[in-house]
Amino acid sequence: MTKPSSQPLNPLTLPLSGLQLIEASAGTGKTWTLAALYVRLVLGHMSASKQPGLALYPPQILVMTFTEAATAELRERIRARLAQAAKYFQAGDDALADDFLCALHSELEPSSWPECSARLDLAAQWMDEAAIFTIHGWSSRMLKTHAFDSASLFTQTRLEDSEQLKLSVVQDYWRKWFYALDADTLAALDGLADTPRTLLTKLKERWRVAERAPATEVPALTAPDVALAEWSRWQQQRQALEAPARAAWTEDVVTQVREAAANKALKNYRADWLTSWLEQMADWSQGADIDLQTLARFSRQTLTDKGWAQAAHFPAFELLQTLCDCLAQQPGITEALLAHAAVAVSAAYQRAKQQAAQFDFSDLLQNLYRALQEGDGRLATAIAAQYPVALVDEFQDTDPWQFGSLIKIYSGSRMIDKGYGLIMIGDPKQAIYSFRGADLATYLQARETAQGIYTLPGNHRATAGLVSAVNHIFQSAQKPFDDVPFEPVSACNPKVLPLLVNGHAQVAMTVWHLPFDKVPTKPVFMVAMAALFASQMVALLQSGAAQPGAMAVLVRDRFEAAAMRQALAARGVRSVYLSERD
C-alpha cells in the first residue's frame, strides 16, 4: 500500500472514517479544527452528500486529551461552536458564521436546514454528557463500563499509598529469598541492596523503563536460589585460591618487585604508583579487600607483559594469576537478582492490588491495553460501537499503551464496514519530548498506519516576521526533530501586529552574542548574558512596550535562572521562577 503524502487540511472534506492524522503546529487552529469536525459529525456530513447523514451525538463522539483543564476548555469551545452553528442554520444570517459554516451551510439542501439546526441545538444542550475525557479518565470508565469483557471488578478504589504497598511487597520478597542466607552468601547482595527500601529504589528505576511500552517478550529469569548457589560455588573456589595467594605474598616477593622496577626490568611501574599499590597489597595480604585491577598488576601475565620475564619463575605471581582468573569469572549475580526481583515483585504488587480491589494510575492504561489484546475482540467491538468516532487531541503525547489500545479498537473491518474513525491531531515536533511521556516511535508508527495525513498550514497567533524566522531556522537545520519532518507554516492573521517601541516595529527574532577575548567560563558567560537580557527587558519596560508579566525568559536549569533573577534584581525588577519547587 502506498504511503500517503501530507496535504493541507480542508475541514469540509476530511474523511471522518478510517485512520486520519492531522499535524498541526502551535497557533494553527487545532481546537478550532476539532470543533469544526465535531459539527460535521453531529450533522452526519459527508462531502459527497447534499443531505445530512447518520448523526452522532455528544455521548457517541469520543474526544480525548491529556489534562482536566484541556477537557474543560474543549467542552466549552465545542458547546459554543455547536450553539453558533445551530443559530446560523436557523437564521441563515452570514454575520453569525465564518467561512467554514457558510460553506457547510451551502453544501446542504435548504430543506434540511431546520433539521440541522435542531440537531446542533440538541447537541449543544447535551454537551454536559459529552464523551470528553483525559486518556486516564476514559480508560477508567471503559474498565468499569465493560467490566465483564475486560475482566475488571465493578468496584475499585484508587490506591492512596502505592509506595507503602510496594515496600511491603519488597519486604516479603526479601524475607522469602534473603533472610535465611548465611554470612558468606550475604556478600552476594553487596551489589544489589543493603535493605528492602534500597532494593525498591532500584526496582522503580527498572519498572520506569519497562512500563514505557508493552513487553514484546518475557525475559528468561534465574531464580535467586539458583543464582546464589552458583555464586556460592564460585565464592568457595575464590576462598580456596585466595588463602595461599595471600600467604605467598611475602616481604621477599615485595623486595623482588621493587628491585625489578628500580632496574627498569618492569616498565611503567612508577615509584609513587608502585608504593601505593604495594601498600594496598600489604593490607590485602592481612585480610583487607582490594580491587581486581590492583591485584592483577602483580599477576604473572601482567608482570611478564610489562617486560619482567623472571616473574614467571615466582610461585606467588602464578597463584595471583590463578586467583585473578577466578575473580574475573565472578557470576553476574546482581543483574540476575535484580531482573528476577523486578518481575516477581511487580507481579506480587499487582496481585495485592487486585485482592484489595485497588488500582494505581499506571494500571488504567495498562489494564485496558491488556484486556483489549486478549479474548475474541469483544471488548474492542463494544467500545467501537459505543464511540464510532474518536478525536484524539495532543496526539503527539500518546504512548505505546494508549496507541495500542486505540489501534485495537479502531482498526480492521470495523473501520471499513461500519465507517468508524480515529482522527488524531497534534504537533508532531513535540513527539521528541520524552521527558513528559511522549514517544517518538509511537508517533512515527501512527504516521505509517494513517490512511491520510493532513496539515494546518496557517498560524493565527504570530506575526509574519516571527513565522518567517522560525521557518528559516528549522528549514536550515538537518533533521531538527529526528524523523519527523518540519512543515513550514504561513502567518494568516493580519490583526497580530509586531511589537512597537517608540513607534518603531521590532524585528521578530534576534540572536545575541558577546565578544570575548578567550572562551569564557560558564559562570562568566551566564552573568554576562543575563546582564544583557535584563538590560533589554528594562528598556522594554521603560518604553512602555511591555509589562513585567508579559515577558518570559526560558532557561535550561536553576543556575541560569538564578543568574537571570540576580541580574533583574540588580535593576529593580522582580521576577518569578516558575519551576521553583517551594
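The values are calculated or read from the model by the stated rules, or taken from the named source; none is laboratory data. All values reported here derive from a predicted model rather than from experimental measurement. Cβ coordinates were reconstructed from backbone atoms using ideal geometry, including for glycine residues, and neighbour counts include every protein chain displayed. The area values use the complete protein model at the heavy-atom level, side chains included, leaving out ligands, DNA and RNA. Shrake-Rupley method; radii C 1.70, N 1.55, O 1.52, S 1.80 Å.
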**Request:** Give the residue, chosen from ALA552, ALA545, ALA539, that is open to solvent by 40 Å² or more (accessible area, probe 1.4 Å), assigned to a loop (DSSP other than H, G, I, E, B) and within 24 Å of ASN502 (Cβ to Cβ).
**Result:** ALA552
**Prompt:** When residues of segment 178-221 are filtered for being in contact (Cβ under 8 Å) with a residue 40 or more places away in the chain, within 30 Å of LEU364 (Cα to Cα), over 22 Å from the mean Cα position of the chain (by Cα) and surrounded by 13 or more Cβ atoms within 10 Å (Cβ to Cβ), how many remain?
**Reply:** 2
**Request:** State whether one or more residues within segment 454-461 are touching a helix residue (DSSP H, G or I) at 6+ places or on another chain (Cβ under 8 Å), in contact (Cβ under 8 Å) with a residue 24 or more places away in the chain, within 30 Å of LEU16 (Cβ to Cβ) and of a type in the set (A, V, I, L, M, F, W, C).
**Result:** yes
**Request:** Hey, can you tell me all the residues within segment 229-275 that are of a type in the set (Ser, Thr, Tyr) and within 47 Å of the chain's Cα centre (by Cα)?
**Result:** SER232
**Request:** Would you mention how many residues in segment 45-86 are open to solvent by less than 10 Å² (accessible area, probe 1.4 Å) and in a loop (DSSP other than H, G, I, E, B)?
**Result:** 1
**Asked** Of all residues in segment 87-117, which are surrounded by 13 or more Cβ atoms within 10 Å (Cβ to Cβ) and of a type in the set (Ser, Thr, Tyr)?
**Response** TYR88, SER112, SER117
**Prompt:** Only one residue in ALA380, ALA384, ALA357, ALA339 is in contact (Cβ under 8 Å) with a residue 60 or more places away in the chain, open to solvent by less than 30 Å² (accessible area, probe 1.4 Å) and over 30 Å from ASP289 (Cβ atoms). Which one?
**Reply:** ALA357
**Fill in**
PRO214 passes all but one of the listed conditions (1) outside any helix (DSSP H, G or I); (2) closer than 30 Å to ALA441 by Cα; (3) of a type outside the set (Lys, Arg); (4) out of contact with any Pro (no Cβ under 8 Å at 6 or more places or on another chain); the exception is number (4)
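Got a sec? Which helices (runs of 4 or more DSSP H) wholly within segment 100-207 have at least 3 residues that are aliphatic (A, V, I, L, M) and at pLDDT 90 or above?
By residue number, 113-125, 162-177.
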**Asked** Among the residues of segment 340-376, which ones are outside any helix (DSSP H, G or I) and either touching a Gly at 6+ places or on another chain (Cβ under 6 Å) or within 19 Å of LYS204 (Cβ to Cβ) (or both)?
**Response** GLN358, PHE359, ASP360
**Prompt:** Restricting attention to segment 355-380, which residues are modelled with pLDDT under 90 and over 27 Å from the mean Cα position of the chain (by Cα)?
**Reply:** GLN355, ALA356, ALA357, GLY375, ASP376, GLY377, ARG378
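Of the residues ALA446, ALA441, only one is open to solvent by less than 10 Å² (accessible area, probe 1.4 Å), over 25 Å from PRO59 (Cα atoms) and either part of a helix (DSSP H, G or I) or at pLDDT below 90 (or both); which?
Checking each option against the conditions leaves just ALA446.
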